[in-house]
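Participant: The structure follows.
The values are calculated or read from the model by the stated rules, or taken from the named source; none is laboratory data. Values in this document were obtained by computation on a predicted structure and should not be read as measured data. No Cβ is skipped: glycine too gets one built from the backbone with ideal geometry, and neighbour counts run over all protein chains shown. Ligands, DNA and RNA are excluded from the accessible area calculation, which covers all protein heavy atoms including side chains. Shrake-Rupley method; radii C 1.70, N 1.55, O 1.52, S 1.80 Å.
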Amino acid sequence: MSRNIKAERNEAINTTLAEIRRINASQGINRASLADIAARVVELAAHTELFPSEDFPPPARGGPHTSTRYRLNAEDESGMALYLNSILPGKTTIPHNHDTWAVVVAIEGEELNRVYERTDDRHDPEHAALRLAREVAVKPGQPIAFLPDDIHSIHVFGEQPTRHFHLYGRALDKLTERVGFELETGRIVRYNATHMNQNARPAPV
């Protein structure tokens, strides 16, 4: 009997999100619960056969986009949004926050995350000073998680496109208060309006 990969994929996604909703309900969102949530998404990512590159291809090389974002779950009362991002090598972002909690987990490929701390006194709403605190290579089995005000940038090197899960407490299009930080000038910008990739697609059904 042939496998129904799409049905298995949807069942795995729904089971994982149900477990995450239970964690959120019992523990709330904090560093410890985010670690538990990340572990559940790592388990989902281990089922690589459910998320093949044929179903979730990156954008064409040389085109206007360096990444494609696929929404994997329907909107529900929890507000959570699970995406699969397929990113070409060379993709980078400026440092930014999320304005909600977030977990990033690799299915395939490696993405360098640079995590920053603010060192200014925050009196100026239009400028900030950042210090690089650490770097994390997100790859299969090595996730990263963020609270709403955490700041990071991403950098994809090498030759291989990535396929990574990005799970957010709220959908990206609802995060209108996200901010980005231009390292050269210190200027604070509205990240969704100025830098967010708009190349989004629904998951194949």
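Participant: Just checking, does region 44-54 include any residue being open to solvent by 70 Å² or more (accessible area, probe 1.4 Å), touching a Ser or Thr at 6+ places or on another chain (Cβ under 8 Å) and in a helix (DSSP H, G or I)? Let's see the steps before the verdict.
Facilitator: Filtering region 44-54 for residues open to solvent by 70 Å² or more (accessible area, probe 1.4 Å) gives 46-47, 49, 54.
This time we only want the ones that are touching a Ser or Thr at 6+ places or on another chain (Cβ under 8 Å), so: none.
Within region 44-54, not a single residue is open to solvent by 70 Å² or more (accessible area, probe 1.4 Å), touching a Ser or Thr at 6+ places or on another chain (Cβ under 8 Å) and in a helix (DSSP H, G or I).
Per-residue answers, yes or no, for (1) open to solvent by 40 Å² or more (accessible area, probe 1.4 Å); (2) among the aliphatic types (A, V, I, L, M); (3) without any contact (Cβ under 8 Å) to a residue 24 or more places away in the chain; (4) in contact with a His (Cβ under 7 Å, 6 or more places away or on another chain):
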position	(1), (2), (3), (4)
N85	no, no, no, yes
E108	yes, no, no, no
E126	yes, no, no, no
A133	yes, yes, yes, no
V136	no, yes, no, no
D149	yes, no, no, no
F157	yes, no, no, no
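Participant: Check whether at least one residue in region 6-20 is within 14 Å of the chain's Cα centre (by Cα) and either open to solvent by less than 50 Å² (accessible area, probe 1.4 Å) or without any contact (Cβ under 8 Å) to a residue 12 or more places away in the chain (or both), and report yes or no.
Facilitator: No, because not a single residue in region 6-20 is within 14 Å of the chain's Cα centre (by Cα) and either open to solvent by less than 50 Å² (accessible area, probe 1.4 Å) or without any contact (Cβ under 8 Å) to a residue 12 or more places away in the chain (or both).
Participant: Determine whether region 21-36 contains at least one residue that is assigned to a loop (DSSP other than H, G, I, E, B) and open to solvent by less than 20 Å² (accessible area, probe 1.4 Å).
Facilitator: Scanning region 21-36, I find no residue that is assigned to a loop (DSSP other than H, G, I, E, B) and open to solvent by less than 20 Å² (accessible area, probe 1.4 Å), so the answer is no.
Participant: Something else: List the residue pairs whose Cβ atoms are under 7 Å apart, where the first residue sits in region 170-195 and is open to solvent by less than 30 Å² (accessible area, probe 1.4 Å) and among the charged types (D, E, K, R), the second is at pLDDT 90 or above and in a strand (DSSP E or B), and the two are 6 or more positions apart or on different chains.
Facilitator: Every condition considered, the pairs that remain are R178/H96.
Participant: Can you say whether R122 is in a loop (DSSP other than H, G, I, E, B), of a type in the set (K, R) and either open to solvent by 40 Å² or more (accessible area, probe 1.4 Å) or touching a Lys or Arg at 6+ places or on another chain (Cβ under 9 Å) (or both), as far as the supplied structure shows?
Facilitator: For R122, the condition - in a loop (DSSP other than H, G, I, E, B), of a type in the set (K, R) and either open to solvent by 40 Å² or more (accessible area, probe 1.4 Å) or touching a Lys or Arg at 6+ places or on another chain (Cβ under 9 Å) (or both) - is met.
Participant: Taking H166 as meeting all but one of (1) in a strand (DSSP E or B); (2) more than 30 Å from N4 (Cα to Cα); (3) open to solvent by less than 40 Å² (accessible area, probe 1.4 Å), write down the number of the exception.
Facilitator: Among (1) in a strand (DSSP E or B); (2) more than 30 Å from N4 (Cα to Cα); (3) open to solvent by less than 40 Å² (accessible area, probe 1.4 Å), H166 violates only (2).
Participant: Conditions first: (1) exposed (fewer than 14 other Cβ atoms within 10 Å of the Cβ); (2) modelled with pLDDT under 95. P59 passes all but one, so which condition is the exception?
Facilitator: Status for P59: all satisfied but (1).
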